[in-house]
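Structure, as structure tokens:
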Amino acid sequence: MAEPLIFAIPKGRILDDALPLLKQVGIVPEDAFFDKSNRSLMFRTNQDHVSIIRVRAFDVATFVAHGAAQIGIVGSDVIEEFGYSELYAPVDLGIGRCRLSVAQPKDDAKQIGNVGHIRVATKYPNLTSRHFESLGIQAECVKLNGAMELAPSLGLSRHIVDLVESGSTLKANNLVETDRILDISGRLVVNRAAYKMRSKELTPMVQKFRELVGQV
């Protein structure tokens, strides 16, 4: 009997949107998945040949790229940040829409202008560096995994690069969005090698997602 397919889904903002899509393509996690006191990370589903792992968004890309999981759902920000050649992203699921933006203090009248070097707090050092490099600016990236909005007020950096949805968090921390780097949505990702080796299982699954979001 073949090993079960491992489907990686992210904790956090995309999860609530991803679960209804999974259900519509016929994949429903076991009850333990919905038990908030359950500390397990791998769960069975209603399909004997499919198991689900629930991990951090950045780790979804790593698990799928390295073949530990064969398929997953993750934001395009994560795909672009890592740039794994082993990841194939065949379907834009249209969920978890937001943007990756540069922000700075509202009362800071200075624009980046011709500045050659700046410090930026972000969890996206690769995307951030590439963005500022395209502007002819060297960005020193200070890696943070959260609470990015605190960096300017505490003197860690004048600029941040972070996910923005409504902009309310920026406003609450007296920050303003100054540049948009990337529009983001949730994507279905597949390990390229697995897509060839286990095409009989993965191709129909990918096709169901395509049909679901009208990308046939």
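Some notes on this structure:
- Of all DSSP bridge pairs formed entirely within the chain, close to 60 percent run antiparallel.
- Amide H contacts under 5 Å for Ile181: Leu100, Ser101, Val102, restricted to partners 5 or more places along the chain or on a different chain, H placed in the peptide plane at 1.01 Å from N.
- Site pair Arg158 and Val213 shows an inter-label distance of 3.9 nm when each label is modelled 7 Å from Cα along Cα→Cβ.
- Rg/Rh for the chain, where both radii come from Cα atoms and Rh is the Kirkwood radius: 1.03
- Segment Ser199-Ser40, extension gain: residue separation times 0.36 nm, minus the distance between their alpha carbons: 54.4 nm
- The chain: angle of helix 15-24 to the longest principal axis, Cα-based, in degrees nearest 10: 30 degrees
- Dipole moment magnitude, nearest 20 debye, segment 98-183 about Cα centre, only Lys, Arg, Asp, Glu C-beta charged: 100 debye
- Note on Lys143 and His66: with the Förster distance fixed at 22 Å, the Cβ-Cβ geometry gives a FRET efficiency of about 0.55.
- Overall form of segment 62-171 per C-alpha gyration tensor (a/c, 1.5; a/b vs b/c): prolate
- 0 to 90° range, to nearest 10: angle between helix 199-212 axis and the chain longest Cα axis: 60 degrees
- If you take the Cα centroid of segment 18-62 and the Cα centroid of segment 64-80, the two points sit 15 Å apart.
- Bridges between two residues of segment 105-216, per DSSP, are antiparallel at a rate of about 10%.
- DSSP beta bridges fully contained in segment 1-92 are about 35 percent antiparallel.
- Zero-based 5 Å bins, Cα pair distances in segment 1-110, whole percents: 2, 11, 20, 22, 18, 11, 6, 4, 3, 2, 1, 0, 0
- When all alpha carbon pairs of segment 111-203 are counted in 5 Å bins from zero, the resulting P(r) reads 3, 12, 20, 19, 14, 8, 7, 6, 6, 4, 1 %.
- Each Cα pair under 8 Å and six or more residues apart adds its separation to the average, and for the chain the resulting relative contact order is 26 percent.
Since every read-out is calculated from the coordinates, none of them should be taken as a lab result. Small disclaimer: the values here were computed from a predicted structure and weren't measured. Counting neighbours? That spans all protein chains shown, and the Cβs are built from the backbone with ideal geometry, glycine included.
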